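Readers should treat all values here as calculations from the given coordinates under stated rules, not as data from a laboratory. Predicted model only: the values in this text are computed from it and were never measured. Cβ atoms come from the backbone with ideal geometry, glycine included; neighbour counts cover every protein chain shown.
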Amino acid sequence: METKDETNNETVRHLEILNKQVSELLKVQRKAISDYDFINAIELSELLGESIKTVYARVHQRQIPFYKPGGKILLFKLDEIKEWIESGRHSSIDEIRQKV
């Protein structure tokens with residue numbers, strides 16, 4: 001059985017992780033609001049809720065638009081990411097029924 005201290009330590013650890021995730025999302029949001037055009041792979045993974053490994057796999061498979069200026073840093077243009085996300089939209093059942 002866990003002691004009170006162990007439970008508190010685990011709660012603090014979870015709160016620290018959550019705080020870090022919220023901070024990363026706020027950074028991305030600030031960039032989007034401030035008309036900053038590009039984000040990096042870590043920021044994109046936070047925005048999409050995917051692992052960094054998944055983001056790199058999408059780049060490798062050319063599933064997602066990206067930029068690699070100078071062949072080093074990997075960047076993503078926010079407008080293009082938004083278009084890419086919207087291109088994956090699926091119609092609802094009601095929309096399909098209306099078309100028939």
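Table for the structure above
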{"read-out": "Helix-only mean residue ellipticity at 222 nm for the chain, each DSSP H run of n ≥ 4 adding -39500 (n - 2.57), per residue, nearest 500", "value": "-20000 deg cm²/dmol"}
{"read-out": "GluC sites (Glu not before Pro) within segment 8-98, DSSP loop, no more than 14 other Cβ atoms inside 10 Å", "value": "Glu50"}
{"read-out": "Per DSSP, loop trypsin sites (Lys or Arg not before Pro) in segment 28-100 with at most 15 further Cβ within 10 Å", "value": "Arg62, Lys72, Arg89"}
{"read-out": "Computed over the chain: relative contact order in percent, which uses C-alpha pairs under 8 Å that are six or more apart", "value": "21"}
{"read-out": "Cα-based reach from Lys20 at 18 Å (exclusive), listing lysines while leaving out same-chain residues under 8 positions away", "value": "Lys31"}
{"read-out": "Cα-based reach from Lys99 at 16 Å (exclusive), listing lysines while leaving out same-chain residues under 8 positions away", "value": "none"}
{"read-out": "Listed residues Ile64, Ile52, Ile85, most fluctuating in the chain (Gaussian network, C-alpha, under 10 Å)", "value": "Ile85"}
{"read-out": "Bins of 5 Å from zero: percent of alpha-carbon pairs in the chain", "value": "2, 11, 15, 17, 13, 10, 10, 9, 6, 5, 1, 0, 0"}
{"read-out": "Positive-end residue of Thr11, Val22, Leu44, charge dipole of the chain with Cβ unit charges", "value": "Leu44"}
{"read-out": "Efficiency of FRET between Leu25 and Lys4 - r from beta-carbon atoms, R0 35 angstrom, step 0.05", "value": "0.65"}
{"read-out": "Gain upon complete extension [Val100, Lys77; 0.36 nm per residue less C-alpha separation]", "value": "4.6 nm"}
{"read-out": "Cβ-placed point charges (K, R +1; D, E -1), dipole of the chain about Cα centre in debye, nearest 20", "value": "480"}
